[in-house]
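K.L.:
Would you mind keeping the following structure in view while I ask a few things?
The values are calculated or read from the model by the stated rules, or taken from the named source; none is laboratory data. Please read all numbers here as calculations on a predicted model, not as lab measurements. Backbone-built Cβ (ideal geometry, glycine too); neighbour counts: all protein chains shown. Ligands, DNA and RNA are excluded from the accessible area calculation, which covers all protein heavy atoms including side chains. Shrake-Rupley method; radii C 1.70, N 1.55, O 1.52, S 1.80 Å.
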Protein chains: 2
Amino acid sequence: MPDPRPTLEAVAAHAGVSRATVSRVVNGGAGVRSSLAEKVLRAVDELGYVPNQAARSLVTRRHDAVAVVIAEPETRVFTDPFFAQQLRGISKELTAQDSQLVLLLVEGKDDYARVGRYLAGGHVDGALVFSVHLDDELPDIIRGSALPTVFGGRPDRGGRRTPYVDCDNRGGAREAVRHLRSLGRERIAHIAGPLDQTSAVDRLDGYRDVLPEADPALVARGDFTPAGGERAMRELLAHNPDLDAVFAANDLTAAGALRVLHEHGRRVPEDVAVVGFDDMEPVAEQTNPPLTTVRQDIEEMGRLMARLLLRALERGGDQADSLDTAPASVITPTALVRRASA
Amino acid sequence: MPDPRPTLEAVAAHAGVSRATVSRVVNGGAGVRSSLAEKVLRAVDELGYVPNQAARSLVTRRHDAVAVVIAEPETRVFTDPFFAQQLRGISKELTAQDSQLVLLLVEGKDDYARVGRYLAGGHVDGALVFSVHLDDELPDIIRGSALPTVFGGRPDRGGRRTPYVDCDNRGGAREAVRHLRSLGRERIAHIAGPLDQTSAVDRLDGYRDVLPEADPALVARGDFTPAGGERAMRELLAHNPDLDAVFAANDLTAAGALRVLHEHGRRVPEDVAVVGFDDMEPVAEQTNPPLTTVRQDIEEMGRLMARLLLRALERGGDQADSLDTAPASVITPTALVRRASA
DNA sequence: ATGAAAGCGCTAACAC
DNA sequence: GTGTTAGCGCTTTCAT
C-alpha cells in the first residue's frame, strides 16, 4: 500500500518545479509566475496534496489553534446552554480565521497540572479560559504558561492583568431592580448566586446600588440552581411575608423561586413580581408565567473573546503581554426582556 | 531574549548524555540505567523542558488528538445539555488516554469542505462525529477522509460500515408506551420528532411495536422543540378529544404538550398521562407536573464513543477500517424514570 | 521569479 | 545500555 499522503516533494516533481515554488504557491502564491502557479495548483489537485501541519508548525512555530479551557463541568456549565452558546461564538470566530479549537475540560484540581503542561507545551497559540471561582489557582497556572490568554467572565475581584470579556452584570442587575421598582414594588428581595463567582457578586452589587437601604433580610443566598432558588425563596417568604418582588441571580434560580411562590399561593406577577438573569430561553420561556429576565448576548461574548485573542496573536507575535499590545477587556451590554413575570 | 524553550539537545548537553537517551527517558525511560535516567530527569526539570509536539508528530505520525465534529448547532444541540454531557464523557475518556479533543462545530453545508480538509489534513488520529440528518453528506465526506471514526447516534437507516454509539431509542420507546398501557390507558398518542433523524424514527417505531394497530390519527409530528410539541398537541386534541395518554419523542416536546394540556383543562396525569424521552433534568424536573421520561446515559455514551475510537486506533494502526479490526457499534440501555406525569 | 540547501526538534534504526 | 545518524515534511534565507 502506497503512502496515501503526497508530500511537497511529490507535488514539485509532478509539476516540474522545486519544492520552494510549491510551498510559495500553497501559501498564497505571492511572487510566482501565474503560469507556474497554475501548474502547481493542478498538481496539488491531481495528487490530492494536503500540507502536513506538524512539519509546518515545526518551522513556523505557529499552530493555528487555540485552547478553550472550561472548568467546573460539574455544575452550571453542563446544565445550561450558556457554555454551548459561548463555544459556538468562539468557534465561528476561530473558523473565520482558520484557527482550530482545542477543548480542555477541567474536571477538578487534579487536572490543573495537565492543563498547565498542555498550555506550556506549545500545542496552541493562545488560550480562552472560563474561570469561575474567586480563589481558584487555575488563572495563575495559566498565566504561568505565558500564553496569550483571554478570560471569559471577570477572573477575580482585583484582576487587572489579563483581558476578559464579561457582560455588564452589575448594570443588568440595576436595570432589573429598577424595573421592579418602576412597577411600584416596595419590598424587593434578591436571591444571590454563589458569591465565590464574580458574576454573582456583581449582580448583588447591582441590586444594592439601586436599593442601598434595603432590609438585609431581603437578600438570600442561592447557588444558581433551581433547588437553591426554592430554598432561598422559602427562607425569604418565612422572614418577609410581605415581599412583593424578587430579583433572582439567574433564570434557574428564578424557576425554583416561582415554584415555591405558587406553592404558597402567591400569584405572579400580581402578588409577587419576579425577574431573572441570563435569558436562557429553554428555561425562561418554559416557566409559569414566562420569565421577565435580563438578557446577555452569550454567543457574541464568545465571539469577542476569540477576536480579542486573535488580535493579540497577530500583533504580539512573541511578547504577547507587553502592556501596549495587550488587548483591553470588554464589557458587553445587557437588556431587559419583558415576559409575564414582572 | 533567549529562546524560552529548551530542546532535547539542550537537555542532553546539560545532562551529559546523547539526545537519544534523553528521548528514551522522556518517553517512558525503558532500557536506560536508572542513574542516567535520574540525571536526565533532573536536567529536564532544571531547564523546564517540554517536548515539542510538532517535531514529535512529524516523525511518529501520531497526534494524540481526536476531532469531535458536531453539526447543526442551530437547533437542539445548543438548547439542551445533551451535547455538553456527551462532550464531557468524551473528554474524560480522552484525557485518561492523554489524547486531546479538537472541537469542530459545523454551522452549515458551507463548512463541510473545511471539515473534510481538516480531517484529511492529518491533524488528528481519529474523529468522533455527531451526525443527525438522514440525507446528510457529512458522514460520506468524513468516511472519505479515511480517518478512523465513530458516530454518535445511528448515522442512517442502512449504515453498516461505521461504528456508532446510540441509546436504545426503540426499546426505550417501547418501555414508555408499555408503561402507559400498564396504567390502563387506551388511547395513547405519540408526538414524533423530526423524521429525518434516526432517533425520532426509532422512537416512532418503538411506539408502533407496542401499538401496531393504533389509530394513525394518534400520531402527530413534532420537531423536538416545545413549540412543536404545543402544535402537535393541539392537533392531537382536535382530532382525538378522547386521548388519555401521550408519549412525546423528547422532553422538550413533552413540555410543550403539557402546557397545551393545561390550557385545555386536562389534568395530568389523571386525564392524560404523559411520558417524555431523554430525561434532560433541567426540563423534566421543571415541568408541571414533573415529567416521567425515558432516561439515557448521555455521558456514558460519550465515553463509549471515545473508548471505541481509541481502541481502534491502538489496533488499527494504519488500516483502521479493515473489517476485523473495526470496533462494533454499541447500543446503550435506557431506563424509565417515574415522576408525576405518568 | 525560481531553485538549492539548511535546518525546525524529534524518534528510530542501527551500530557499538 | 548508549550514542550516531538519518530522516519526518515543511519554510526560508540565500544565490542565481
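K.L.:
Please verify whether B:G121 is in the same structural domain as B:S91 (by TED's automatic domain parsing) and open to solvent by 10 Å² or more (accessible area, probe 1.4 Å), treating the condition exactly as stated.
P.N.:
It is false that B:G121 is in the same structural domain as B:S91 (by TED's automatic domain parsing) and open to solvent by 10 Å² or more (accessible area, probe 1.4 Å).
Quick grid of which residues meet (1) in the same structural domain as B:R178 (by TED's automatic domain parsing); (2) polar (S, T, N, Q); (3) over 19 Å from B:A342 (Cβ atoms); (4) under 27 Å from the mean Cα position of the chain (by Cα):
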| site | (1), (2), (3), (4) |
| --- | --- |
| B:G193 | yes, no, no, yes |
| B:L243 | yes, no, no, no |
| B:T253 | yes, yes, no, yes |
| B:L261 | yes, no, no, no |
| B:V268 | yes, no, no, no |
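K.L.:
Please find, within region B:40-76, the residue that is nearest to DNA strand D (Cβ to nearest atom) out of those that are surrounded by 19 or more Cβ atoms within 10 Å (Cβ to Cβ) and over 38 Å from the mean Cα position of the chain (by Cα).
P.N.:
Residue satisfying both the conditions and the ranking: B:V40.
K.L.:
Going through region B:94-117 one residue at a time, which ones are buried (at least 23 other Cβ atoms within 10 Å of the Cβ) and assigned to a helix (DSSP H, G or I)?
P.N.:
B:L94
K.L.:
From the list B:L104, B:L138, B:L87, pick out the single residue that is more than 10 Å from every other protein chain (Cβ to nearest Cβ), under 20 Å from the mean Cα position of the chain (by Cα), more than 16 Å from DNA strand C (Cβ to nearest atom) and farther than 29 Å from B:V22 by Cα.
P.N.:
The match here is B:L138.
K.L.:
May I pose another question? Might you check whether a residue that is surrounded by fewer than 16 Cβ atoms within 10 Å (Cβ to Cβ), in a helix (DSSP H, G or I) and not assigned by TED's automatic domain parsing to the domain that holds A:A232 occurs anywhere in region A:134-148?
P.N.:
Within region A:134-148 (the criterion being surrounded by fewer than 16 Cβ atoms within 10 Å (Cβ to Cβ), in a helix (DSSP H, G or I) and not assigned by TED's automatic domain parsing to the domain that holds A:A232), the answer is yes, since at least one residue qualifies.
K.L.:
What pairs come out if I take residues in region A:1-24 that are within 14 Å of chain B (Cβ to nearest Cβ) and pair them with residues that are more than 8 Å from DNA strand D (Cβ to nearest atom) and modelled with pLDDT of 90 or more whose C-beta lies under 6 Å away, six or more apart or interchain?
P.N.:
From residues that are within 14 Å of chain B (Cβ to nearest Cβ), the pairs are A:P6/A:L47.
K.L.:
Next question. If you go through region A:278-309 one residue at a time, how many are surrounded by 22 or more Cβ atoms within 10 Å (Cβ to Cβ) and in contact with a Lys or Arg (Cβ under 6 Å, 6 or more places away or on another chain)?
P.N.:
Going through region A:278-309 one residue at a time, the tally reaches 3.
K.L.:
Filter region A:5-32 for residues that are at pLDDT below 90 and more than 8 Å from DNA strand D (Cβ to nearest atom); which is nearest to B:L147 (Cα to Cα)?
P.N.:
A:G28
K.L.:
In region B:25-47, which residues are within 12 Å of DNA strand C (Cβ to nearest atom) and within 14 Å of chain A (Cβ to nearest Cβ)?
P.N.:
Within region B:25-47, B:V26, B:V44, B:L47 qualify.
K.L.:
Among the residues of region B:57-84, which ones are assigned to a helix (DSSP H, G or I), more than 8 Å from every other protein chain (Cβ to nearest Cβ) and modelled with pLDDT of 85 or more?
P.N.:
If the condition is that a residue be assigned to a helix (DSSP H, G or I), more than 8 Å from every other protein chain (Cβ to nearest Cβ) and modelled with pLDDT of 85 or more, then B:V59, B:T60 are the ones that fit.
K.L.:
For A:A249, state whether it is farther than 14 Å from A:R339 by Cβ, aliphatic (A, V, I, L, M) and open to solvent by less than 10 Å² (accessible area, probe 1.4 Å).
P.N.:
Yes, satisfied.
K.L.:
In region B:6-24, which residues are open to solvent by 80 Å² or more (accessible area, probe 1.4 Å) and within 8 Å of DNA strand C (Cβ to nearest atom)?
P.N.:
If the condition is that a residue be open to solvent by 80 Å² or more (accessible area, probe 1.4 Å) and within 8 Å of DNA strand C (Cβ to nearest atom), then B:E9, B:R19, B:R24 are the ones that fit.
K.L.:
If you don't mind, there's one more thing I want to ask. Go through the residues of region B:107-124 one by one and say whether even a single one is touching a Ser or Thr at 6+ places or on another chain (Cβ under 8 Å) and at pLDDT 90 or above.
P.N.:
Among the residues of region B:107-124, not one is touching a Ser or Thr at 6+ places or on another chain (Cβ under 8 Å) and at pLDDT 90 or above, which makes the answer no.
K.L.:
Tell me, which strands (runs of 3 or more DSSP E) lie completely within region B:168-287 with 3 or more residues that are touching a helix residue (DSSP H, G or I) at 6+ places or on another chain (Cβ under 6 Å)?
P.N.:
Answer list for region B:168-287: B:188-192, B:245-248, B:273-278.
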